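K.L.:
If you scroll down you'll find the structure; I have some questions about it.
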Amino acid sequence: MVDVLLGLQWGDEGKGKIVDYLAPGYDVVARFQGGPNAGHTLNIEGKRIVLHTIPSGVFHERPVNVIGNGVVIDPWEFKKEVKEVTELGVDLRKKLLISQKAHIILPTHKILDAASEHSKGQEKIGSTLKGIGPAYMDKTGRNGIRMGDLFSSDLKSCYEHLKKKHLDLLQLYKFDFDLNAMEQDWWQGIEELKSFTSVAGEYFMNEQLQNGKKILAEGAQGSMLDIDFGTYPFVTSSNTISASACTGLGIPPSSIREVMGVIKAYCTRVGGGPFPTELSDETGERMRKEGNEYGATTGRPRRCGWLDLVAVKYTIMLSGVTQLIITKADVLNIFDEVKVSSAYRSFNKTVDRIPFEVNTLSPEPQYESLQGWKTDHSMKSKNDLPSELHHFISYVEKQTRTRVSMVSIGVGREQLVEL
């Protein structure tokens with residue numbers, strides 16, 4: 001059976017930490033979409049580490065970790081990430097498999113990404129500039145280079161052919177770049193990638209299912225950034241909802257058991273795009289400082305706001321979420337009053353749906369106020385949580401009609417309270 005874990009907001013919900021906590025109970029942990037634009041932050045023995053491509057189960061003995069076909073891989077970023085994880089005592093070559101059908105990010109993908117974003121001026125979408133979009137464009141355009149191609153004698157000519165296409169496209173932009181240095185790093189990364197075991201991911205995953213193994217599918221980014229259902233065009237370049245676990249790993253929908261959705265007790269967003277509950281005031285700044293809300297991948301300050309349950313109910317519907325996990329409840333310790341939006345006001349009507357015109361309408365959130373709480377970070381069980389936090393959890397459950405199975409009250413593994 002497969003359990004899927006994904007974020008239900010605009011990313012940065014704390015998915016990596018939850019996967020790290022749950023991983024000992026699974027035989028396989030598999031990433032199914034996205035690439036180095038992800039930033040899954042873990043706290044391992046007091047050391048903060050950010051995983052961008054490698055699944056978040058690598059620090060545990062039991063699970064095999066798989067990078068699925070739906071992921072796009074930057075060889076140089078992967079090489080740097082391998083070094084960081086290895087320095088923590090993990091033998092990745094024994095724990096990590098890579099699907100032959102995962103696509104590879106080229107240096108010119110990153111240049112195209114930066115040139116395109118630069119050309120947009122004030123209309124920037126907030127790209128991480130990691131080459132994700134151009135890589136997925138080549139995938140759907142049937143031009144991409146895949147992991148399995150790295151072992152081909154034609155790799156060099158394939159690379160040069162695709163590079164020429166990209167350089168021709170770059171003539172459309174006025175953008176300076178230094179390709180030579182990037183290429184040297186890229187080829188070093190290619191050798192690193194080739195030293196890992198490459199598998200027919202879809203066959204491997206289904207063999208695991210046939211053998212009764214437990215699989216945890218790890219999503220990246222957030223559901224409100226889904227290429228089809230997010231706040232387009234301010235979205236990522238892949239599908240981030242639960243359906244993507246099937247296409248990104250080659251598994252049937254019937255194999256999915258639980259769909260675990262992760263939300264913060266408030267909301268954040270990096271880059272441009274609509275954000276109805278955003279707080280562009282002192283309250284938002286206090287939230288940012290208390291939650292250390294700066295992008296794990298980009299370092300950019302995150303936009304902050306109150307919890308938006310209109311968006312959460314929407315993404316629960318899209319993915320068939322069976323349980324919720326609330327993170328960063330401790331960040332709201334500083335507030336005497338906590339607000340939650342469960343509806344919008346638009347065109348003099350109260351609505352509880354995401355409007356198609358959300359980018360231009362700027363719907364006004366309708367808030368309900370709840371009493372704040374002061375949690376003790378050493379709390380171990382649900383009985384230790386203050387009544388105000390219990391009320392907040394119950395409110396979320398009632399509004400979303402989905403049970404909350406876990407709440408996080410701190411950065412460590414031990415600060416996850418199962419409900």
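Just so it is clear, none of the values below were taken in a lab; they were calculated from the coordinates. The structure displayed is predicted, hence computed values, not measured ones. Cβ: placed from backbone, ideal geometry, glycine included. Neighbour counts: every protein chain shown.
K.L.:
May I ask you to list the trypsin sites (Lys or Arg not before Pro) in the stretch 286-366 that are in a DSSP loop and have at most 15 other Cβ atoms within 10 Å of their Cβ?
P.N.:
Details: sites: ARG286, ARG288, LYS289, ARG302, ARG303, LYS313, LYS328, LYS339, ARG345, LYS349, ARG353; in loops: ARG302, LYS328, ARG353.
Within the stretch 286-366, the qualifying trypsin sites (Lys or Arg not before Pro) (loop, at most 15 other Cβ atoms within 10 Å) are ARG353.
K.L.:
Determine the equivalent ellipsoid of the stretch 240-371 by diagonalising the alpha-carbon gyration tensor, then write out the semi-axes as square roots of 5 times the eigenvalues, largest first, rounded to whole Å. Mind dumping the intermediate values first?
P.N.:
Values: eigenvalues 139, 77, 47 Å².
Square roots of five times the eigenvalues give 26, 20, 15 Å.
K.L.:
Another question, if that's okay. Got the relative contact order for the stretch 103-194 handy, in percent, Cα pairs under 8 Å and 6 or more residues apart? Don't jump to the answer; show the numbers that get you there.
P.N.:
Working: 76 pairs, mean separation 34.0, N = 92.
Averaging sequence separation for qualifying contacts and normalising by length gives 37 percent for the stretch 103-194.
K.L.:
Okay, moving on. Counting other Cβ atoms within 10 Å of each Cβ, which trypsin sites (Lys or Arg not before Pro) in the stretch 165-237 have at most 11 and sit in a DSSP loop? Can you show the working numbers first?
P.N.:
Values: sites: LYS165, LYS174, LYS194, LYS213, LYS214; in loops: LYS174, LYS213, LYS214.
Here the trypsin sites (Lys or Arg not before Pro) that fit, given the DSSP loop and packing criteria, are LYS174.
K.L.:
Which whole-angstrom value gives the distance between the alpha carbon centres of the stretch 285-345 and the stretch 82-154?
P.N.:
The two parts, judged by their Cα centres, are 28 Å apart.
K.L.:
³J(HN,Hα) across the stretch 310-315 via Karplus (A = 6.51, B = -1.76, C = 1.60, θ = phi - 60°), whole Hz, x for Gly/Pro?
P.N.:
Taking θ as phi minus 60°, the curve returns 5, 5, 5, 4, 4, 6 Hz for the stretch 310-315.
K.L.:
Positive end of the dipole of the stretch 103-194, charges at C-beta (+1 Lys, Arg; -1 Asp, Glu), about the Cα centre: which of ALA135, ILE111, ILE190 has its Cα farthest in that direction?
P.N.:
Positive-most Cα among the choices belongs to ALA135.
K.L.:
Another one. Quote the charge dipole size of the chain about the Cα centre in Debye, to the nearest 20; the model charges only the Cβ of Lys and Arg (+1) and of Asp and Glu (-1). Display every interim value, and only then the final one.
P.N.:
Numbers: 50 positive and 53 negative charges, 98 e Å.
Taking the Cα centre of the chain as origin, the dipole is about 460 debye.
K.L.:
Return the sequence-ordered ³J(HN,Hα) values of the stretch 348-357 in whole Hz as given by the Karplus equation 6.51 cos²θ - 1.76 cosθ + 1.60 applied to θ = phi - 60°, using x for Gly and Pro.
P.N.:
Going residue by residue, I get 6, 10, 8, 10, 10, 10, 7, x, 4, 8 Hz, with x marking Gly and Pro.
K.L.:
Find the all-direction average of the projected area of the Cα convex hull for the chain, expressing the result in square nanometres with one decimal place. If you can, show how the numbers build up before the last one.
P.N.:
On the way: hull surface 80.7 nm².
Result: 20.2 nm².
K.L.:
Can you check how the C-alpha radius of gyration of the stretch 146-209 compares to 2.2 N^0.38 Å, as a plain ratio?
P.N.:
Values: Rg = 16.1 Å, N = 64, 2.2 N^0.38 = 10.7 Å.
The value comes to 1.51.
K.L.:
With θ set to phi - 60°, apply the Karplus curve 6.51 cos²θ - 1.76 cosθ + 1.60 along the stretch 266-275 and write out the HN-Hα couplings as whole Hz, x wherever there is a Gly or Pro.
P.N.:
Rounded to whole hertz, the list is 9, 10, 9, 8, 10, x, x, x, x, 7.
K.L.:
So which GluC sites (Glu not before Pro) in the stretch 25-117 pass both tests, a DSSP loop state and at most 13 other Cβ atoms within 10 Å of the Cβ?
P.N.:
Values: sites: GLU45, GLU61, GLU77, GLU81, GLU84, GLU87, GLU117; in loops: GLU45, GLU61, GLU87.
Of the GluC sites (Glu not before Pro), the ones in loops of the stretch 25-117 whose Cβ has at most 13 other Cβ atoms within 10 Å are GLU45, GLU61, GLU87.
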